[in-house]
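Structure first, then comments.
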Amino acid sequence: MNHRTLFRRSLAPIAALALAMLVGRVTDRTTGQSLAGLNVTTIGPTHAVARTGADGRYMFRHLRPGKYTLVIRGKGVPTVRTRISLAGRTTTKNVVVCNVALDYSCANLPQRR
């Protein structure tokens, strides 16, 4: 076994432990306005909950890599589900939702899965 192969094999367990970070922003589809106070939940290898800030941004640190469903819900916003795959790095996932307070046509939208 040469030194390159040995080096790669010794790093494999470390790479498997690499954690991911997920960041993003939730905005309204009609106005583009940032939406604060929404719950953002990860369903997957790591279950976590965050809340969007005044600028509509959310952040998750220390997520295990894998496939996730991201669920966004809050007052006046029909629940939105979106899928995402995370690797051991920072991933950005911006989500556009329909806010009933800003667009009354959202009230009867079916939930996206």
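Observations
- Condition met for Arg112 (of a type in the set (D, E, K, R) and modelled with pLDDT of 95 or more): no
- Test for Ser85: is it of a type outside the set (D, E, K, R) and over 23 Å from Ala18 (Cβ atoms): no
The values are calculated or read from the model by the stated rules, or taken from the named source; none is laboratory data. These numbers come from a predicted model, not from an experiment. Cβ atoms come from the backbone with ideal geometry, glycine included; neighbour counts cover every protein chain shown.
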